[in-house]
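The values are calculated or read from the model by the stated rules, or taken from the named source; none is laboratory data. Keep in mind it's a predicted model, so treat the numbers as computed, not measured. Note that each Cβ is placed from the backbone with ideal geometry, even for glycine, and that neighbours are counted across all protein chains shown. These accessible areas exclude ligands, DNA and RNA; they are computed on the full protein's heavy atoms, side chains included. Shrake-Rupley method; radii C 1.70, N 1.55, O 1.52, S 1.80 Å.
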Amino acid sequence: DNWSAMYVNDTLVMEDSVAITTERSFNAETFSFESARPFLVNVVMKDFVENDSGLEYIGTARQQMGDGGYIAQIYEEATGEVVALSNADWRCLTLHTAPLDKTCEDSADPLTDCSWESIAEPEGWRSEDFDDSGWSRAHEYDAAAVDPKGGYLDISWDPDAAFIWGADLETHNTILCRVLVT
């Protein structure tokens, strides 16, 4: 929820086929790629926001903060061996956080009343030699917190795969995560 792209090392292997602006986009993508281990999985995750305020459905009765959630499982196709699952071992960096004060959620003028923080995507972050030691560990969430629908329900999930996101499901809107698969 709502959009992601995955890179293996620096090669794009998946970009969400459903536009981020699609209402209630709980997407599932199944795809194959070839790579020798070790390889780096790099993911861009985005929750839909209309603007930097961090809100969606602005000006309607449904104006609100959105919420995110991401879950992944990677198998070796030939053997069925699990080689990576989303969990707290992933390192993540939040690029866009908004609103900083959740009380602005009902504002009639959120771009004036809400504040936000955003940083640029670090140069070279998809490189194996990029130092992510300053990034946070992914925060794990259970399905009840994320409330997945749609495509999530169509997949048989490994029980050890966890929903991950930043420290706040509502205000962390754009996140980069990565994990080395050995």
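A few notes on this one:
- Taken over segment 95-125, the criterion of being outside any strand (DSSP E or B), in contact with a strand residue (DSSP E or B) (Cβ under 8 Å, 6 or more places away or on another chain) and open to solvent by 40 Å² or more (accessible area, probe 1.4 Å) is satisfied by LEU100, LYS102, GLU105, TRP116, ILE119, ALA120, GLU121.
- Under the condition of being over 12 Å from LEU85 (Cα atoms), over 9 Å from the mean Cα position of the chain (by Cα) and part of a strand (DSSP E or B), the residues counted in segment 161-171 number 0.
- Conditions (1) loosely packed, with under 13 Cβ neighbours inside 10 Å; (2) modelled with pLDDT under 95; number of the one not met by ASP131: (2)
- Hey, ASN9 out of contact with any helix residue (DSSP H, G or I) (no Cβ under 9 Å at 6 or more places or on another chain), open to solvent by less than 80 Å² (accessible area, probe 1.4 Å), on the phi > 0 side of the Ramachandran plot and in contact (Cβ under 8 Å) with a residue 40 or more places away in the chain or not: yes
- Enumeration of residues in segment 133-160 that are part of a loop (DSSP other than H, G, I, E, B) and over 14 Å from the mean Cα position of the chain (by Cα): SER133, GLY134, TRP135, ASP142, ASP147, LYS149, ILE155, SER156, TRP157, ASP158, PRO159, ASP160
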